[in-house]
Each structure stands twice: as C-alpha cells, then as structure tokens.
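> Supplied in structure tokens, the structure appears directly below.
The values are calculated or read from the model by the stated rules, or taken from the named source; none is laboratory data. Here the structure is a predicted model, which is why all the values come from computation and not from measurement. Ideal geometry is used to build each Cβ from the backbone, glycine not excepted, and the neighbour counts take in all protein chains shown. Side chains are part of the model used for accessible areas, which takes the heavy atoms of the whole protein and leaves out ligands, DNA and RNA. Shrake-Rupley method; radii C 1.70, N 1.55, O 1.52, S 1.80 Å.
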Amino acid sequence: MILASASPRRRELLLGAGFDLTIEPADIDESRLLNEQPLAYVERLARTKAEATRLAHGPLAEGEVLLAADTIVWTRDNVLGKPSDKEDACRMLRELSGDTHCVSTGVCLMLGTTTRSFVETTKVAFRPITDDEIRAYVATGEPMDKAGSYAIQGGAKRFVTALDGDYDNVVGLPLQRVMREIDALRDDAGSR
C-alpha cells in the first residue's frame, strides 16, 4: 500500500493491521474554499492528495492500493485545523471545552483505475476544561500537530465524556471502514 500521508498515527494504525507501507506524502494546498462545507472539504482534500501522489508516483503496480486521508475537527461549520502556535491551541481547546464536536476523516482509495472515497464522522463530547488544564496540556507539546489541538489517544483522553462512532477515526483513520472499502474496491476493480 502507498500511504499518501505523513501522519505517524495513520502509519501506526495501518502497520498494526498488517499492511506493508510505502510512505509518499502529498504536498497540496489545504486551504478551505469559500463556503465549503466541512464534509465536502475533507473529502476533497483526501481526493486531491491521492491524485497528487498518484501523479508523482506513476501507474500503480498490480494489486497496489493508494490511500490518502485527511482529518478535521469541526463544530457547526467552524473547522479547527492544526494550531499555528500555543495560543491558537489554547483557543481551540477552549472552544471544544464542555461541548460536543465532530471529527471527520476523508479517505480516498485507488486501485488500478478505480477510485473510491468516503468520509467517516465521529462525535466527541468534552467535559468543561479549566484554563489551567488547557495550559498544562498545551505545554506538553502534544496538541501542536493535531487537528483540533488534541490527541484522544494521549493526554486529551481525560477530557472526553462520550464518543459516538469510530475511535480510530478520531486517532486519524477509520481502520475497519478502510478495510471494508478496500475489499469493495478490489471487487469493483475485478468486475471491470
């Protein structure tokens, strides 16, 4: 499998599931388009990453799957990306404090000339977080490369009061759905 992502969390999830990976991250403009809805945005990012990586890589080998993904955290229509600095991380965590937000991962899979894409969304509820807790968590450095400024598998797990959906999706890749979609992709490619 070619993984069009530099995310160590995606790499760990896929390696843990037994995939043999070649890492070829895509360098694309990740700016959100004017009035673009969160789900359309994250799926477009995944598709654009897949197309850019495929173009750079060239034709896929027989049976080789290319996977591109992007994860966003959002509330209503406000998308929270990776923080620009510690103050931005604190601002995002204050916004998530005591509320429910969505974590959506867009995934694009390619096999031969067949492409499938989808978005998986998980709802996460945070308890109210004090400013001292936010500053202490941000000081660990963990939030700095994470969408929404937190890692559910790390120190932020203590803020979570409820989760509706796939836990791995919040980590960065809905692994079970990816495996089902790869099977469907192989079926689609085989019927051509």
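> Less than 16 Å apart at the alpha-carbon level, and either on another chain or at least 8 residues along: which lysines does that give for Lys82?
Reachable lysines: Lys146.
> Angle, helix 86-96 long axis vs. longest principal axis of the chain, Cα atoms, 0 to 90°, nearest 10?
Once rounded, the angle reads 90 degrees.
> Please compute the Cα-Cα pair-distance distribution of region 1-143 with 10 Å bins starting at 0, giving whole percents from short to long.
11, 35, 33, 17, 4, 0
> Using a 1.4 Å probe and counting only protein heavy atoms, arrange Lys157, Lys49 so the residue with the most accessible area comes first.
Values: Lys157 125, Lys49 20 Å².
Greatest to least solvent exposure: Lys157, Lys49.
> Around Leu55, with a cut-off of 14 angstrom between Cβ atoms, what is the net charge of the other residues, counting Lys and Arg +1 and Asp and Glu -1?
0
> Sort out for me the Cα centre separation of region 17-56 from region 107-123, rounded to whole Å.
10 Å
> Sticking with this one: Magnitude of the Cβ-charge dipole of the chain, K/R +1 and D/E -1, about the Cα centre, nearest 20 debye? Mind dumping the intermediate values first?
Values: 24 positive and 31 negative charges, 48 e Å.
Value, rounded to 20: 220 debye.
> Of Ile23, Leu109, Tyr150, which is farthest along the charge dipole of the chain in the positive direction, counting Lys and Arg as +1 and Asp and Glu as -1 at C-beta?
Sorting the options by dipole projection puts first Tyr150.
> With every protein chain left in place and a probe of 1.4 Å, what is the accessible surface of Arg11, to the nearest 10 Å²?
90 Å²
> Follow-up. Net charge around Ala162, counting only other residues with Cβ within less than 13 Å of its Cβ (Lys, Arg = +1; Asp, Glu = -1)? Intermediate results must be reported in sequence, preceding the final value.
Values: positive: Lys123, Arg127, Lys157; negative: Asp99, Asp164.
With Lys, Arg at +1 and Asp, Glu at -1, the net is +1.
> Could you tell me what percent of the accessible area of the chain is made up of carbon and sulfur, with a 1.4 Å probe and every protein chain present? List each step's numbers first, then the result.
Working: 4490 of 9180 Å².
That fraction is 49 percent.
> Sticking with this one: Just to confirm, what accessible area per residue do you get for the chain at 1.4 Å probe, in whole Å²?
Values: 9180 Å² over 192 residues.
Here the per-residue accessible area is 48 Å².
> If you line up the long axis of helix 38-57 against the longest principal axis of the chain, both from Cα atoms, how many degrees apart are they, to the nearest 10?
So the inclination is approximately 50 degrees.
> Then there's this: What ranking of Glu43, Glu36 comes out by heavy-atom accessible area, probe 1.4 Å, highest first? Before the final figure, lay out each step's value.
On the way: Glu43 55, Glu36 20 Å².
So, going from the largest accessible area down, we get Glu43, Glu36.
> Can you put His57, His101 in order of accessible area, largest first, using a 1.4 Å probe?
Values: His57 65, His101 0 Å².
Final ranking, largest accessible area leading: His57, His101.
> Using Stokes-Einstein with the Kirkwood hydrodynamic radius over Cα pairs, what translational diffusion coefficient do you get for region 45-112 at 4 °C and a viscosity of 1.567 mPa s, in µm²/s rounded to a whole number?
The Stokes-Einstein estimate is 92 µm²/s.
> How much net charge surrounds Glu87 when only the other residues with a Cβ under 12 Å from the Cβ of Glu87 are counted, with Lys and Arg +1 and Asp and Glu -1?
Values: positive: Lys86, Arg91, Arg94, Arg135; negative: Asp85, Asp88.
Net charge in that neighbourhood comes out at +2.
> Using only Cα positions of region 7-54, each an equal point scatterer, no hydration layer, compute I(q)/I(0) via Debye at q = 0.18 Å⁻¹ and quote the log10 values to two decimals.
After summing over all Cα pairs, the log10 values are -0.68.
> Setting aside same-chain residues fewer than 8 positions from Lys123, which aspartates and glutamates have a Cα under 19 Å from its Cα?
By straight Cα distance, Lys123 reaches Glu43, Asp70, Asp77, Glu95, Asp99, Asp164, Asp166, Asp168.
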